[in-house]
Amino acid sequence: MRLILLGPPGAGKGTQAQRLVDKYGIVQLSTGDMLRAAVAAGTPVGLKAKDIMASGGLVPDDIVISIIADRIEQPDAANGFILDGFPRTVPQAAALDELLKQKKMKLDAVVELKVNEGALLQRVENRAAETRARGEEVRADDTPEVLAKRLASYRAQTEPLIDYYSERRSLLTVDGMMSIDGVTEEISRVLSAIGAGAKGTGKGTAKGPVKAARAPRKPAKVSRKPAGAAKKAGKKTAKKAKKPAKAARKAAKGAKKAAKRTARKPAKRSAKPAGGKGARKASKPAKKVTKRRAKR
Ligand code: ADP
């Protein structure tokens, strides 16, 4: 299974990714973790990324694209992966499409964790306090000031991916304000409803019509309990600070083109909620997105 977890900083992507790793026996690929490891190791990528990350900005697309291009080819990712923190821009998403196409890999779903922004500061503060309590070093960007910048980066550069993936009908939206277990259950529910992850659950069929799963109106109760821990696949590996591979360069190039195409019609989906056959019941989320933007 190949998944993307999408959501603002503090939405719970890392927490949920860990649970999905256990459940489905796939690896979590967190560009944030990989970049932090590169910074800690003082690699050339780390040196470039350090100040950008500490200030809440985004590391250049070509760097993260090449990291991911290398990483998804590693043997431990053969069974599937969860991308956490990537893609974060439309060009990154387009590059990923291109990479997956080249490698004949299919993306199963993009899971958006939808959260109330007001709760994020508290979550990030809790995370910092817990890290401190464990005697570990707190992330340089887990401060209220930098969080504000990370949120601004998210809104400007990452939130457009919600439209990007809605248009491609791969978006599943989950309410990220429920309890951690509640969110996990809801993710499992929407994934099994589209038939994804059947391998990890030991059952082969989708639970319901895809359409219903792609437009969950309200969090439904899930009867199925997560299957016991699947084999733990290797976790966050942080290496690779080498030059962009050929495939990555090609992907980045294709991505620029695709991003331009996407950029030309960004308002379309919000203005005209999908209604056609099989369309994700997009009118609701689309409106919400529009509203959210209008408020800002
Ligand atoms: P968050 O908790 O804010 O989602 P992450 O751990 O995913 O943070 O990432 C931390 C920082 O690493 C980001 O603020 C950004 O500077 C950098 N980063 C991570 N992933 C990417 C990416 N895909 N593109 C650009 N920058 C990235």
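The values are calculated or read from the model by the stated rules, or taken from the named source; none is laboratory data. No experiment lies behind these values; they were computed from the predicted model shown. Every residue, glycine among them, receives a Cβ derived from its backbone with ideal geometry; neighbour counts consider all protein chains shown.
Inspect all residues belonging to segment 89-104 and state whether any of them is in the same structural domain as A119 (by TED's automatic domain parsing), touching a strand residue (DSSP E or B) at 6+ places or on another chain (Cβ under 8 Å) and touching a residue at least 12 places away in the same chain (Cβ under 8 Å). Full working, then the answer.
As a first pass, look at segment 89-104 and keep what is in the same structural domain as A119 (by TED's automatic domain parsing): 89-104.
Filter once more, keeping what is touching a strand residue (DSSP E or B) at 6+ places or on another chain (Cβ under 8 Å): 96, 100.
Next, from what is left, pick out any that are touching a residue at least 12 places away in the same chain (Cβ under 8 Å): 96, 100.
So far as segment 89-104 goes, yes, one or more of its residues are in the same structural domain as A119 (by TED's automatic domain parsing), touching a strand residue (DSSP E or B) at 6+ places or on another chain (Cβ under 8 Å) and touching a residue at least 12 places away in the same chain (Cβ under 8 Å).
Pick out the one residue from V64, V59, V111 that is within 15 Å of the ligand (Cβ to nearest atom), in contact with a Phe, Trp or Tyr (Cβ under 8 Å, 6 or more places away or on another chain) and within 20 Å of Q157 (Cα to Cα).
V64 is the lone residue from the list that is within 15 Å of the ligand (Cβ to nearest atom), in contact with a Phe, Trp or Tyr (Cβ under 8 Å, 6 or more places away or on another chain) and within 20 Å of Q157 (Cα to Cα).
Among the residues of segment 165-187, what is the count of those that are among the hydroxyl-bearing types (S, T, Y) and either surrounded by fewer than 16 Cβ atoms within 10 Å (Cβ to Cβ) or under 21 Å from L120 (Cα atoms) (or both)? Spell out how you get there, then give the answer.
Within segment 165-187, the first condition is being among the hydroxyl-bearing types (S, T, Y), and the residues that meet it are 165-166, 170, 173, 179, 184.
Next cut, either surrounded by fewer than 16 Cβ atoms within 10 Å (Cβ to Cβ) or under 21 Å from L120 (Cα atoms) (or both) only: 173, 179, 184.
The qualifying residues number 3.
Looking at segment 18-25, can you tell me whether even one residue there is within 12 Å of the ligand (Cβ to nearest atom) and touching a residue at least 40 places away in the same chain (Cβ under 8 Å)?
Filtering segment 18-25 down to residues within 12 Å of the ligand (Cβ to nearest atom) leaves none.
No: zero hits.
For the list (1) within 13 Å of the ligand (Cβ to nearest atom); (2) part of a helix (DSSP H, G or I); (3) at pLDDT below 95, I need the number of the one condition that A156 fails.
(3)
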